[in-house]
Every structure is written in C-alpha cells, then in structure tokens.
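Asker: This is the structure I want to talk about, given as structure tokens.
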Amino acid sequence: MRRPAGPIAAALLASSVALTMGGSVAAATSGYHSITPQRLVDTRSGLGVAGPGLTVAGAPTVVALVGEMASAAGVALNVTVTEPSGPGFATVYPCGNEEPLASNVNFTTGATVPNAVIAAPGAGSAICVVTSVAAHLVVDLEGWFPAGSYVPSPVPVRVLDTRSDPSLRLLPAAETRIVRGVPGTALVANVTATDATDSGYLVVYPCGAKPPLASNLNFDPGRPVANLVIAHPGTSGDICAMASAATDVVVDVQGHLTDTAGYTSISPVRMVDTRSPIGVPVVRRTAPGQTLILSFPQQSGIPSVVDTAVVNVTATDAVASGYVTVHPCDQPVPLASNINIVPGETRPNLVLSRVGADGTICVTANIAVHLVVDLQGWFAGATPPLPPSPPTRQHVDVGKGLAVGYLAYLPPGYTSTPGRTWPTIVFLHGSGQTGPGSGSALDGVAVNGLPRLYESGTEPNVAAGFIVLAPQMPDGTNSATRLRQWLTQVLPRYNVDRDRVYLTGLSAGGFYSFDYVGAVGDSNEFAAVVPISGGFPHSIQCANWRHTPMWAFHGESDTTVNPAGSITTAQAVNANCSPTEPMRLTTYPGVGHDAWDPTYDLSGMAPGRTNPQRDPYDVDIYSWMLEHVRSEYR
C-alpha cells in the first residue's frame, strides 16, 4: 500500500503503447462504449512495447490513445502486475501530470495482482502507468467514456487514509462514511484495505441503505488489497463502507459519472455464489474451462436489456494457480483476464462487460475455483430495448401425488439454459379463486395479481426473470401443512434458486402469507414475503417473526379487509420482536381493496400515491425481493 512520498516527475519516456480497437466489437451506449476485452500490453512477451522485459521502477510506461479514445473522458482498463521484484504498488494517471499520491494495484513479491482502472488521458492523449519496483505489466482494454459522461479528477485524489488516525479505522460490522458530498450519478474510486486484524471482506454502499449481501474487497492480514468501486451516494450524498473485520482503508477518487452517462447504480445484488449455491444448482467449484452464463435481465432484475453490466467478480478456493475471464457470451473467450488467482487467496475485481446480443455475459476460469458475482449496476443502451419475450405458461392439474394444482410461468431462456437456477415467486390468490385445482377452474387463478399481468404480457420488465408458481387452494383454511407439502412436491420440479424463493399473496392470499410465517416461523422456505390487503388476526409469537423480511401493502380505503390488519401486524412485530430487518408497511390513500395492482404493476411508485407517514414505495418489489437471500438471515 502506497504511503506519502516525495513527488515523482511525470516523464514521457519509457515505452509508448498505442491502444486500438482492433477487431473488437463495440457497443455504444449513451455514456459508455464497451468492447470485448482486448490485450494491449504484455511486457512478458513484448506485446505493445519495444520488447520483452520488466518495467523500470519509477519510470512510467506511456499508453498513447488513438482514434475515438484519444478524445475520451476516460478509458476502462484492467491492469495486472506480475512477477514483481519486491512488494510495491502501481499507479495509473494522466501523462503530463505529476505522479499522484495514490495507487491502483498493490502487490507482494512475486504475486500476480489485477485491478480495474478508469483513467483519464493526459498530455498527448496518453495514460501513464508506473510501478514502484521492477515488474511485468499487462493491460487489457474494456471500453471508454465519451466526453461529457465522465468527469475525471485532474489526478486521482486521496480523500481518506485511516492509517493517519486510529480513530477512523473500520471496526467489524460498523458503518463508516468514506466519501462525503458525491457529485453526479456515481463515484469512481479505488478502495484499498490494509493492515487488517483478520481475514474478512468489505462492502461499499449508499449511506442510509441496508448493507447488501455482497463484497467489494476480500482481505487477509499482512496483504493490502485494492479494487475499483463505482458507487452511488445515499440521500445524504455520502458513500459508506462496512467491514467484517477491523482494517484500515484508503480511498483514492478517480472521478464521477454524470447524469448523461446512462448509468444505473444499485445497492449490490449477489447473482452467483458457487459456494452457497446462489444462481447455480449445487455447491461446486467451476471446472477448468467451464463457463457460467449470467443473463440480463432474467437473472438479475435489470429492467431492460443493457449494453454493459458492471459486476464485481470474486475468485476463491482455487485448486491451482490460474485466471478468470469475463466476456460477452456471443464472442469467443478473448486473450485477456480479469482475475489472477492462486490457492489459498481470495481475489476480487470490478468488471465492466459488454452484454452479448443474447443478453448474456460469460465467466470462464481455466482452473477449478469458486466464483462469486455481485451486480453493481449497468449502462443503458442508446436505443430503446426490445420488450422481453413472453414466459412459458404451464397448467398443472391436481393429481399424480400433488397436494393442489397450479399455474407456472417460466422466464424466457429457461429451457435453453438447463444448468441455470432462477429466482422464484410463489403467488397466493384471493378467496374468489379457490377451486379444485384442475381444468378451467384452475385457469381462474389468473384473473388477478401477478398471473393476470403475465397472462396479458403487461408484467414489468423487472419481473421478467422469475419463475412464478401460482397454486389453487381448495378452500380458505390457510393450511400451512398443505402449502408446505405442495412446496416440497413442486419446487424440485424446476430449476429454482432455493436461496431466492419469495412469497406474495393478495386479500385471502395476503392473510395466508402472514399465516404461513406465523405458523412455520423462520424455518420457512422464503427469502422475503410481500402480503397485500391481508392481516394476521392472531397473537404474535416473536420467535417466528424475527428473520423473515416482510413488506406489507394495503389500501387505506379498503372496506373489504380493514387496513388495520396490516398496520397493527407490522407495528406489533417491529415494536416487540426486534426483527433482523424491520417489517415495511406501505399504504395507499384513497385506494380500496385492490392494493395489488399498483403494487405488482409498479404504478404505486408514482409520486404522491403512498402515505408519506409510512414506508415509501421507493424500490420496486421485484428488485427488493432480489436483494434478499434466505441464507443471509437463516
């Protein structure tokens, strides 16, 4: 980790490297041009430099940008240092400026360490890379930002170094503000963890938000680890971090994205974890050469097809030394890498990957390794996306050992990707849709709520990536035993992500959703529950309500089911049970019994639709569901 030192004059000497598009495929967005990764520099082979050989300590390698990139506000690179002669750091900065007090890559003797960098061109449309010790250098190009979409700092600016003040050091599970007053849509910064007391992880997120199940850095004692972060601020304009173990943190700001960048930054969402498993069917390392396919929006909750996905990829528990490459699935695996990994270490890296024409990105490793992928955000396309393909509908009559019949809606791409698992919503209907679970009576389940939206093709794009299962109950007894029996029978029939199964219901189904949590408790199958126009008219046993995230909706003018049912349930749980996550309650003034349409079709998110004295409808329920993973709580 770099500490304050005397200035090193920037010099346009060393070898000059011209970055060109070559044969890569570019995807133009309103604020970012993404390409299939292209290797531009490799000092081991002499690629892009005068000849093979280690860099000279303190002497910058000059990267000259040509074509469209010459006028870019910033370029996205993956910079890897390998075979260093000693411990040290590498710094990337605009040529012509003084070398800043900042670092992008931190390494130990002999290690291979990559990191993503967004760098602004300097004098002569060039970028300089300097290493503090002799080392080999590898540079891969991922894309660039046109003028106006990215505002770089004149040089990287160090805004926080907790080593200078022990009181600022991050403590386990304590939220710490690491950047204040962030301009624009999102901050671009290099975050380094160093001098940790134990192995752990660090996550960066908007201040005021719930810390997500995700990580930006994984660290160990005695080894500084850096990673690029693109983070949006909270309502206060600040960005926070939380670490699982005590550590010092250094933050070097590189710039910020403007509102015209077309970037949507989210609280990170875990898409894949082969250790859990999340997004894969079983706990298993990926095999050498095996490819994980990530689909957008079907797997992630992205509301539309995008040009570029921003993901944090972590490799861990490798059986041998190797590398990981992220690329669009419609292109062959490029000569490039995003992570270099050795046994016994955990390595993260931020990746800006172009999304293939089929809406997918691929993650490929050349060794057996566990992989974790956290979605950080995306760049929207400059042209309107095509609507999602309609789901595949299944009508499954009661019989053949089934407790009840059901309707199923399978997302686009379900049959063509048999190895993928999918987040799943179980929908419980109202009392008017009870029936025998067969024939035309079963089809009646689709007259309201989620099934109606899927039947009519009007479901929000963000809802297109779920399996939806809608059982027909024969009566209104709200039998927990019957629902659990049906879940046991049906969930194994589909490629269900068992860590991301969600329950929702309307009217009688809203009561049923509450009743199931009240009866089964935290041993239930669901990562989160959304009851609508329901209630829980029973005594609350707090042991059953502490670890299941819930969000209740109700119309304040409901004359069929008194809204007090939802209100008093939420108040009682929050006041008496100390839930891991407080139960959310959103009510609609002037809305009657049908509170489900504005909730499911998202029209309830419009300004002025909800009671400001209660929880706002500030994130769509589908994205809210995806933020919750069952194993995080139980």
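Asker: Between Asn611 and Arg163, 0.36 nm times their residue separation minus their Cα-Cα distance comes to what? Don't skip to the answer; put the middle values down first.
Answerer: Working: separation 448, 0.36 × 448 = 161.28 nm, distance 4.56 nm.
Extra length from Asn611 to Arg163 when fully extended: 156.7 nm.
Asker: Could you tell me which of Gln376, Met271, Thr109 has its Cα farthest along the dipole of the chain towards the positive end, charges placed at Cβ (Lys, Arg +1; Asp, Glu -1), taken about the Cα centre?
Answerer: Going by the Cα projections, it comes out as Thr109.
Asker: Would you mind getting me the FRET efficiency between Thr109 and Ser416? Use the beta-carbon distance for r and R0 = 45 Å, nearest 0.05. Display every interim value, and only then the final one.
Answerer: Values: r = 47 Å, r/R0 = 1.05.
Efficiency at R0 = 45 Å is approximately 0.45.
Asker: Related question: Any idea what the relative contact order of the chain is, in percent, if you count C-alpha pairs under 8 Å spaced at least 6 apart? Spell out each step's value before the answer.
Answerer: Details: 1832 pairs, mean separation 65.4, N = 634.
Relative contact order, the chain: 10 percent.
Asker: Another question, if that's okay. Rounded to the nearest 10 Å², what accessible area does Tyr588 show when all protein chains are kept and the probe is 1.4 Å?
Answerer: Using a 1.4 Å probe on the heavy atoms, I get roughly 0 Å².
Asker: Moving to a separate point now. In deg cm²/dmol, rounded to 500, what helix-only [θ] at 222 nm does the chain give when every DSSP H run of at least 4 residues adds -39500 (n - 2.57) and the total is split over its residues?
Answerer: Working: 8 runs with 65 residues, N = 634.
Theoretical 222 nm ellipticity from helices: -3000 deg cm²/dmol.
Asker: Calculate how many DSSP beta bridges within the chain are antiparallel, expressed in % of all such bridges and rounded to the nearest 5. Before the final figure, lay out the partial values.
Answerer: Working: 124 of 150 bridges.
So the antiparallel bridges in the chain amount to around 85 percent.
Asker: Still on this structure: Whole-Hz ³J(HN,Hα) for each residue in the stretch 617-622, computed from phi via Karplus 6.51 cos²θ - 1.76 cosθ + 1.60 with θ = phi - 60°, x for glycine and proline: what do you get?
Answerer: 8, 9, 9, 4, 5, 5
Asker: Stretch Arg482-Val342 to full length: gain in nm at 0.36 nm per residue minus the Cα-Cα span? Intermediate results must be reported in sequence, preceding the final value.
Answerer: On the way: separation 140, 0.36 × 140 = 50.40 nm, distance 4.91 nm.
Using 0.36 nm per residue and subtracting the Cα-Cα distance, I get 45.5 nm.
Asker: Tally Lys/Arg at +1 and Asp/Glu at -1 over every other residue whose Cβ is under 13 Å from the Cβ of Trp422; what's the total? List each step's numbers first, then the result.
Answerer: Details: positive: Arg420, Arg493, Arg498, Arg500; negative: Asp497, Asp499.
It works out to a net charge of +2.
Asker: Okay, moving on. If we count every other residue with Cβ under 12 angstrom of Thr316's Cβ, Lys/Arg +1 and Asp/Glu -1, where does the sum land?
Answerer: Working: positive: Arg275, Arg285, Arg347; negative: Asp220, Asp273, Asp317, Glu345.
Surrounding charge for Thr316 is -1.
Asker: Another question, then. On a C-alpha basis, how far is the centre of the stretch 552-597 from the centre of the stretch 120-191 in Å? Whole number, if you could?
Answerer: Cα centroid of the stretch 552-597 versus Cα centroid of the stretch 120-191: 44 Å apart.
Asker: For the stretch 464-612, take N as its residue count and report Rg(C-alpha) divided by 2.2 N^0.38 Å.
Answerer: Details: Rg = 15.1 Å, N = 149, 2.2 N^0.38 = 14.7 Å.
For the stretch 464-612, the normalised Cα radius of gyration comes out at 1.02.
Asker: For the stretch 530-634, what class follows from the C-alpha gyration tensor (a ≥ b ≥ c being the square roots of its eigenvalues): rounded when a/c is under 1.5, otherwise prolate if a/b is larger than b/c, else oblate? Let's see the in-between values first.
Answerer: Working: a/c = 2.07, a/b = 1.27, b/c = 1.63.
Oblate shape, in that a/c is at least 1.5 and b/c is the bigger or equal ratio.
Asker: If you rank Ser456, Ser578 by how much accessible surface each has, with a 1.4 Å probe, what is the order from largest down? Write down the numbers at each step before the final one.
Answerer: Numbers: Ser456 70, Ser578 95 Å².
Sorted by accessible area, descending: Ser578, Ser456.
Asker: I've got another one for you. Taking Cα centroids, how far is the stretch 443-469 from the stretch 215-270 in Å?
Answerer: Here the answer is 36 Å between Cα centres.
Asker: Going toward the positive end of the dipole of the chain, with +1 on Lys and Arg Cβ and -1 on Asp and Glu Cβ, which of Ser85, Pro121, Ala226 do you reach last?
Answerer: Going by the Cα projections, it comes out as Ser85.
Asker: With +1 on each Lys and Arg Cβ and -1 on each Asp and Glu Cβ, how big is the dipole of the chain about its Cα centre, in debye rounded to the nearest 20? Don't skip to the answer; put the middle values down first.
Answerer: On the way: 32 positive and 45 negative charges, 169 e Å.
Rounded to the nearest 20 debye, it is 800 debye.
Asker: Applying 1/(1 + (r/R0)^6) with R0 = 25 Å to the Cβ-Cβ distance of Thr559 and Glu581, what FRET efficiency is obtained, to the nearest 0.05?
Answerer: On the way: r = 31 Å, r/R0 = 1.25.
So, using R0 = 25 Å, E works out to roughly 0.20.
Asker: Just name one of Thr185, Leu202, Gly255: the one whose Cα is farthest towards the positive end of the charge dipole of the stretch 182-334 (beta-carbon charges, Lys/Arg +1, Asp/Glu -1).
Answerer: Farthest towards the positive end: Leu202.
Asker: Multiply the residue gap between Arg493 and Glu98 by 0.36 nm, knock off their C-alpha separation, and tell me the result in nm, one decimal place. Mind dumping the intermediate values first?
Answerer: Values: separation 395, 0.36 × 395 = 142.20 nm, distance 6.16 nm.
In short, 136.0 nm is gained.
The values are calculated or read from the model by the stated rules, or taken from the named source; none is laboratory data. Values in this document were obtained by computation on a predicted structure and should not be read as measured data. Reconstructed Cβ throughout: ideal geometry from the backbone, glycine too, with neighbour counts over all protein chains shown. To get the accessible areas, we keep the full protein, side chains included, count just its heavy atoms, and leave off ligands, DNA and RNA. Shrake-Rupley method; radii C 1.70, N 1.55, O 1.52, S 1.80 Å.
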